[in-house]
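The values are calculated or read from the model by the stated rules, or taken from the named source; none is laboratory data. Here the structure is a predicted model, which is why all the values come from computation and not from measurement. Neighbour counts run over all protein chains shown; Cβ positions are idealised from the backbone, glycine included.
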Amino acid sequence: MTTQSRRVWFSRGLSNVTDIARTVDRTGGLEILVSHTEADFPGFAFADRRWVEPEDLYKGSGFADYALAKCQELGIDLLWPGKGAPDIMARKAEFDAAGIRTLLASDAVTHALLDDKAAFYRDLAGTGLPIPEWMEFSTLAEFEDAWATLRPFVPSLCVKPTVSIFALGFRRIVEDDDEWGRFVSNDQYKIGLSEFRRLLASTHKHRPFMLMRTLEGEERSVDCVAHQGHLVAAVSRVKRGRIQHIETDHAAIRIARALVERYRLNGVVNVQTKNHEGTPYILEVNPRMSGGTLYSCQTGLHLPYWAIMLALGDASPEDVPLPTSGVVAPIQGVVRVF
């Protein structure tokens, strides 16, 4: 490994990475530059240099032009883009030609595929990787066809948009008419079958949705450090009550390894699975760092830092430490590591 000072720029969208990189950069080998559209962005506190980005920077595809000029002006060694990552992916060759390294999870085509959960599931068909039963729909007629196909042998079904974040649009379908009960109890993740039919019938803004089996078991979030299509290290997080349990050996990690290899993922990425009757099923791949990465870093595997070192060529996969076991105290609550 080298200790030569490197200039690394984190653009908007990487809210929890700069403090991790600063904490573990004990040699002072990184000069950390942070930009954001908000003047009071908390990540500025950990930056050697900081600036406020133009407010309209992410409207259209202007970020790539801005980033290329800024990298050349400041002599950036590595750009880790957040919100503007798809723009950089589409024009990566220009950055390569200018000698600017970029930390990107995938190429532009793969990113678009992973962003569309229906396209992602279609791509996994026939691979042997576990996905739940599902069908795509946009209209009421298409929903009725999907319901008639799946409901006879799947006892509980749910819906979610094919493109969404933060579980927006996800609902478990219940076959009762207790809309008032769900309203007064603020049960925002269930919807009655007749109510959902009414919504589909009344809207003129159709968008692709998935109807799929409701998975009843534990959900796991696998945080990964990947390097050019190889899984370097990973930990699996599962929340039980108010405690985050972290596992270093689980079937979900083996699934993550297969997905990293299939899609040639890179950097810090996240794979989500959910159990059903003892089998972990794939929910999605997030080609970016998850909000819970800080919990995983409590194991001693500082994912963002090692992703930076690998991208710069200042470390090899063999340098990356394996996560350790024990009980540690994260920012909130307690993490138990197995």
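Overview of values
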quantity: Residue list for segment 105-131, restricted to those being of a type in the set (Asp, Glu) and either under 12 Å from residue 282 (Cβ atoms) or not in a helix (DSSP H, G or I) (or both); calculated: 107, 116, 123
quantity: Considering residues of segment 56-98 that are in contact (Cβ under 8 Å) with a residue 60 or more places away in the chain and assigned to a helix (DSSP H, G or I) only, the residue farthest from residue 288 (Cα to Cα); calculated: 74
quantity: Filtered residue count, segment 132-155, keeping only those that are touching a residue at least 60 places away in the same chain (Cβ under 8 Å) and assigned to a helix (DSSP H, G or I); calculated: 5
quantity: Checklist (1) crowded, with 16+ Cβ neighbours inside 10 Å; (2) in contact (Cβ under 8 Å) with a residue 40 or more places away in the chain; (3) within 26 Å of the chain's Cα centre (by Cα) applied to residue 172, failing item; calculated: (1)
quantity: Residue list for segment 183-212, filter: among the small types (Gly, Ala, Ser), surrounded by 11 or more Cβ atoms within 10 Å (Cβ to Cβ) and not in a helix (DSSP H, G or I); calculated: 192
quantity: Residue 53 vs. criteria more than 21 Å from residue 303 (Cβ to Cβ), touching a residue at least 40 places away in the same chain (Cβ under 8 Å) and in the same structural domain as residue 13 (by TED's automatic domain parsing); calculated: yes
quantity: Options 127, 162, 102, 139: the member that is farther than 25 Å from residue 255 by Cα, within 28 Å of the chain's Cα centre (by Cα) and not charged (D, E, K, R); calculated: 102
quantity: Hits in segment 83-107 - residues which are closer than 13 Å to residue 267 by Cβ, crowded, with 17+ Cβ neighbours inside 10 Å and not hydroxyl-bearing (Ser, Thr, Tyr); calculated: 85, 88, 89, 101, 103, 104, 105
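To keep it simple, each residue is scored yes or no on (1) of a type in the set (Val, Ile, Thr); (2) modelled with pLDDT of 90 or more.
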| position | (1), (2) |
| --- | --- |
| 183 | no, no |
| 188 | no, no |
| 214 | yes, yes |
| 217 | no, yes |
| 232 | yes, yes |
